[in-house]
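Visitor: Mind having a look at this structure? Questions to follow.
Laboratory data are not the source of any read-out in this text; all were calculated from the coordinates shown. This one's a predicted model, so the numbers in the text were calculated from it and none came from an experiment. Cβ coordinates were reconstructed from backbone atoms using ideal geometry, including for glycine residues, and neighbour counts include every protein chain displayed.
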Amino acid sequence: MIPLVRLGDFFIMKKSIFILFLVSLSTCFGQVERPLRIQVYAGGPSLLKMAFKISSKYQDEFTYSGYPGLGIALDYKLKSWLSVGAEFNYRYGQIDFDISDTAFYEAVNDRFDIVNTVFNPFGHYSLQVPRYRFMANVNFHLLKETSPSDLYFSLGLGVNRLKPQLCLNGQSLVILNKYIGFISLPLAYRISMGYAYHFTPSIGLFGELGVGGPVFSGGITARF
């Protein structure tokens, strides 16, 4: 049986350690001015052309359209040089083409193994590719916190979700996840270098260059 005095000392010690932990956290965060950062951006280019490529013979038959990658990132500075956060990115791409001869249809069918649910395979096709990415980020800031500039290096890892479908005259034929290639991998990652300049203590513009997600991106950054 544990004596009540020793048991009381044990709880007092645990409470003291917890209080010291909270104090150390508050001291750590208190050293950072405006620790919260929000970035809203657009970026590109799209890799959809590379994923859908059949052969150079038919590339002129395709029309590519869609939206640039749109995203929002939220980060919190634990130290003047270190921040962690999360990022959400959405992109939509579409490829349109018309098939009026058997040779072109067979080339597309060989690439994507179309399950044709209509009698006539000829007509207007569209490949619709919505894509969502959610990642956790770690950012390393290289300049002093008092500077209006922010030069940083980022690492991100998360999930990638897309559901591309091929339609003929508006009717869905097949879901193409297993045929669309590398952009359908479930793992999302990003390695990037970015620079931001703040025109006021809180608001500025930024640009990034990276791999995984948009190659080039830029937008508005705000810190609070």
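Visitor: Expected output is a single nm value to one decimal: the length gained when fully extending between residue 101 and residue 199, i.e. 0.36 nm times separation in residues minus the C-alpha distance. What is it?
Guide: Full extension of this stretch gives 29.5 nm more.
Visitor: What nm value, rounded to one decimal, do you get for the distance between residue 81 and residue 109 when each label is placed 7 Å out toward the C-beta?
Guide: With each label point 7 Å from Cα toward Cβ, the separation is 6.2 nm.
Visitor: In what sequence do 34, 91, 223 fall when counting other Cβ within 10 Å, fewest first?
Guide: In increasing order of surrounding Cβ atoms, one gets 34, 223, 91.
Visitor: Could you please rank 124, 141, placing first whichever residue has the fewest other Cβ atoms within 10 Å of its Cβ?
Guide: Going from sparsest to densest Cβ surroundings: 124, 141.
Visitor: If we count every other residue with Cβ under 11 angstrom of residue 128's Cβ, Lys/Arg +1 and Asp/Glu -1, where does the sum land?
Guide: Local net charge: +1.
Visitor: Counting other beta carbons within 10 Å of each residue's own, what order do 146, 221 fall into, fewest first?
Guide: 146, 221
Visitor: I need the calculated FRET efficiency for the pair residue 124 and residue 90, taking r as the beta carbon distance and R₀ as 22 Å, to the nearest 0.05.
Guide: 0.30
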